[in-house]
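Report on one structure; see the data block that follows.
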Amino acid sequence: MGGGLRTDAWAVPITCLAVIVYYVLNASFVTLAVGLATRTSIVAVWREKFEWLLPHYVVFGLLGLAVAVGYDGLGYAGLLAFIAPPVMMRFSLKQYLDKTEENVEELKKRNRELQKANRDILGMAEQLRDTYDGTLEALVSALDARDRETKGHSIRVAKYMMEVAYHMGIKPGTEDWIDMQRGGLLHDIGKIGVSDSILHKPDKLTEDEWADMRRHPKIGYDMIRDIGFLSGAAKIVLEHHERFDGKGYPRGLAADEILLGARIFVLADTFDAMTSDRPYRKALTVEASREEIIRCSGTQFDPRCVQAFLLAWDKIVDIRYTDHDEETEHHAAAAPRYAA
């Protein structure tokens, strides 16, 4: 080459021109072939596959010129000087990508393990919650058994509450939902501190007896407020005899001062009481009870809770009749044993 390649001032322009000519010819023939073969617009093929390639052609053409100059001046050493850096860069990049891929796979593996552990923990938590709730239901059934007239009352009330809560936008499984469910079950746990003579008295209670009876929300609250998983339910137990108009007990709270779960409870509890036999009166029909609840909307009951109660009416009636039928069957099955 006689050293001309290193000193020729026209080397770069000529190389660029050659690259452009090659680009135009190659792109034109390939575009034409692809367009005819696929029956696609030649302009569309050009724009998709070649319009953006010219700068790449020019850059690689100039790199080729640089390699030629290096080889012309330094022989294989010059060639190696140009080839070695991109080869090493490619090798380093491959190592980096391989390591990154390994790390990604390891992270995916750890993530799968964490997801499995999370599912296991959630499953155990669900089992534990079921155990808690089963224990609570057994306890409540034992408490209700103190009074034949209110047998099954707490469980029914909890069921009514959840139907109303659902129609008020409380999502099943949330903390508020669980607190309401447990508060409904345990609302009368404080009656452990009330004597049987008062609980079972068929006549009207005296003022002193009423004062003693009205202690049971606070007694129940004090019993369970420090139990972690019942702390939310304890507040419902405390407020379950408050009224929307502020005439309830023990604190005379009104309207939104009363916890939503307690406002729902008052409604559910009253409905169950009205539709159950008592020593001093026969049960009202569900229709008569419904009318009474509507009449007391805004005084004893939160109107929003009443509206949700009416939306859940069919479900509530099903619960009332289903539980009534189960109790009837239970008493019928037990009758011969008592007769003996």
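The values are calculated or read from the model by the stated rules, or taken from the named source; none is laboratory data. Fair warning: this is a prediction, and the values are worked out from it, not measured in the lab. Glycine gets a Cβ as well: all are built from the backbone with ideal geometry, and neighbour counts include every protein chain shown.
For ASP226, the stated conditions hold: it is of a type in the set (D, E, K, R), under 37 Å from the mean Cα position of the chain (by Cα) and surrounded by fewer than 15 Cβ atoms within 10 Å (Cβ to Cβ).
Check segment 233-245 and report whether any residue there is of a type outside the set (D, E, K, R), assigned by TED's automatic domain parsing to the domain that holds ARG304 and surrounded by fewer than 18 Cβ atoms within 10 Å (Cβ to Cβ). No. Restricting the first member to segment 172-184 and to residues that are assigned by TED's automatic domain parsing to the domain that holds ILE155, and the second to residues that are outside any helix (DSSP H, G or I) and exposed (fewer than 15 other Cβ atoms within 10 Å of the Cβ), the beta-carbon pairs closer than 9 Å and six or more apart or on different chains are TRP177/LYS171.
Taken over segment 68-99, the criterion of being of a type in the set (Ser, Thr, Tyr) and surrounded by 11 or more Cβ atoms within 10 Å (Cβ to Cβ) is satisfied by TYR71 alone.
With respect to LEU25, is the statement that it is more than 59 Å from the chain's Cα centre (by Cα), aliphatic (A, V, I, L, M), part of a helix (DSSP H, G or I) and exposed (fewer than 11 other Cβ atoms within 10 Å of the Cβ) true? Criteria met by LEU25.
Considering only residues that are outside any loop (DSSP other than H, G, I, E, B) and either in contact with a strand residue (DSSP E or B) (Cβ under 6 Å, 6 or more places away or on another chain) or of a type in the set (Val, Ile, Thr) (or both), look in segment 163-208 and name the one that is farthest from SER231 (Cα to Cα). This residue is ILE198. Screening the candidates PHE265, PHE244 for the property of being part of a loop (DSSP other than H, G, I, E, B), touching a residue at least 40 places away in the same chain (Cβ under 8 Å) and within 32 Å of the chain's Cα centre (by Cα) yields one hit, PHE244. Beta carbons closer than 7 Å, at least 6 apart along the sequence or on distinct chains, never pair a first residue in segment 84-112 that is outside the structural domain of LEU63 (by TED's automatic domain parsing) with a second that is surrounded by fewer than 10 Cβ atoms within 10 Å (Cβ to Cβ) and aromatic (Phe, Trp, Tyr).
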